[in-house]
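The values are calculated or read from the model by the stated rules, or taken from the named source; none is laboratory data. Every value quoted in this text rests on a predicted model; they were computed, and no experiment measured them. No Cβ is skipped: glycine too gets one built from the backbone with ideal geometry, and neighbour counts run over all protein chains shown.
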Amino acid sequence: MIYARYFAEQLTERLFVIGQEPAMGGLQVIDSHVYLVNGASSVLAIDAGSGASWPFVAAVAERYGFAEKPFAYVLTTHGHRDHAGGLPQFESRGALTVSSVYTADHLESEENADILFDEDSSLDLIEFRADAILTPGHTPGCASYRLEVDGNLCLFTGDLIQTDGGLGWSGSEGFSQEQVLASLKKLAAMPAPDFLLTGHGLVVGGRQLLEKAISYGESGRWVPWTEHAPPMP
């Protein structure tokens with residue numbers, strides 16, 4: 001099996017992403033993106049990856065001068081192994097895991113969640129402020145997170161949709177296209193993000209992607225998938 005290469009990128013002064021390149025030519029992607037926000041005294045992560053990306057996370061922290069800071073929290077979008085398998089590494093550096101109640105009961109990880117929510121919530125995480133938004137569809141307990149980083153409104157959506165407006169993997173327990181569409185409309189009714197950061201890609205802006213995905217859902221053009229993702233037009 002040949003796996004896609006890892007990459008790391010600094011998106012703004014304090015925002016970083018570590019992940020795998022898109023799958024092409026038979027390459028396999030086994031890891032989600034891990035997003036890091038470098039705070040004044042600690043680091044916030046959004047999703048933990050599978051665990052395979054941890055050396056790259058550590059390398060980014062070393063390269064950009066925050067290796068000595070603890071990881072305060074991991075905001076978990078959902079419990080699939082490619083997003084939650086790396087929680088033990090983050091918790092070993094002091095992180096508390098934040099998730100929806102459903103996700104806490106369905107974590108494909110050796111760690112348990114520490115901070116739970118079962119409705120849309122404003123999270124006061126010491127030096128970080130984030131809005132947790134329940135966005136079911138990919139799984140019944142998926143959550144998205146909104147927070148401001150370096151003056152940019154960032155929206156982290158996990159696997160709710162892909163960067164071409166198509167569905168994420170459709171084989172999850174409780175997967176629902178109808179709920180995906182309702183969740184997208186919920187996000188689209190909020191102020192447009194400067195960055196829309198999905199579980200396996202990101203776009204600058206985000207309003208256009210949300211609207212495109214909604215149009216696919218409303219017109220019945222989404223194709224559920226459990227093996228290979230169909231490209232959207």
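Filtering the stretch 126-136 down to residues that are closer than 22 Å to Leu36 by Cβ and within 18 Å of the chain's Cα centre (by Cα), which residue is surrounded by the fewest Cβ atoms within 10 Å (Cβ to Cβ)? In this case the residue turns out to be Arg129.
Residue check: Asp164 meets all listed conditions (1) assigned to a loop (DSSP other than H, G, I, E, B); (2) touching a Ser or Thr at 6+ places or on another chain (Cβ under 9 Å) but one, namely (2). Taking first residues from the stretch 207-233 that are closer than 17 Å to His138 by Cβ and in contact (Cβ under 8 Å) with a residue 60 or more places away in the chain and partners that are of a type in the set (D, E, K, R) and surrounded by 11 or more Cβ atoms within 10 Å (Cβ to Cβ), the Cβ contacts under 6 Å between residues at least 6 apart in sequence or on separate chains come to Met232/Asp164.
For the stretch 113-151, residues that are over 26 Å from Trp222 (Cα atoms) and of a type in the set (Phe, Trp, Tyr) total 2.
Residues that are at negative phi, in a strand (DSSP E or B) and touching a residue at least 40 places away in the same chain (Cβ under 8 Å) are absent from the stretch 172-179 altogether. Within the stretch 87-106, the residues that satisfy the criterion of being in contact with a strand residue (DSSP E or B) (Cβ under 7 Å, 6 or more places away or on another chain) and assigned to a loop (DSSP other than H, G, I, E, B) are Arg93, Gly94, Ala95. Looking for something surrounded by fewer than 20 Cβ atoms within 10 Å (Cβ to Cβ) and on the phi < 0 side of the Ramachandran plot - is there at least one such residue anywhere in the stretch 142-151? Yes, some residue in the stretch 142-151 is surrounded by fewer than 20 Cβ atoms within 10 Å (Cβ to Cβ) and on the phi < 0 side of the Ramachandran plot.
Residue selection: Phe156 fails the criterion of being touching a residue at least 12 places away in the same chain (Cβ under 8 Å), touching a Gly at 6+ places or on another chain (Cβ under 8 Å) and either under 20 Å from Ile133 (Cα atoms) or not hydroxyl-bearing (Ser, Thr, Tyr) (or both).
Pairs are defined by a Cβ separation below 6 Å, a sequence spacing of at least 6 or placement on different chains, a first member in the stretch 1-29 that is over 18 Å from Phe156 (Cα atoms) and at pLDDT 90 or above, and a second member that is of a type in the set (S, T, N, Q) and in a strand (DSSP E or B); the pairs so defined are Tyr6/Gln20. Selection of the stretch 55-77 for residues being touching a helix residue (DSSP H, G or I) at 6+ places or on another chain (Cβ under 8 Å) and surrounded by fewer than 20 Cβ atoms within 10 Å (Cβ to Cβ) yields Ala67, Lys69.
If you go through the stretch 35-73 and pick out every residue that is more than 15 Å from Leu11 (Cβ to Cβ), outside any helix (DSSP H, G or I) and among the aliphatic types (A, V, I, L, M), you end up with 5. Summed over the stretch 146-173, the residues that are in contact with a helix residue (DSSP H, G or I) (Cβ under 7 Å, 6 or more places away or on another chain) and charged (D, E, K, R) give a count of 0. Which one is surrounded by the most Cβ atoms within 10 Å (Cβ to Cβ) among residues in the stretch 186-205 that are of a type outside the set (Ser, Thr, Tyr) and either in contact with a Pro (Cβ under 7 Å, 6 or more places away or on another chain) or touching a residue at least 60 places away in the same chain (Cβ under 8 Å) (or both)? Here the residue is Gly199. Considering only residues in the stretch 164-185 that are among the hydroxyl-bearing types (Ser, Thr, Tyr) and at pLDDT 95 or above, the one that is surrounded by the fewest Cβ atoms within 10 Å (Cβ to Cβ) turns out to be Ser176.
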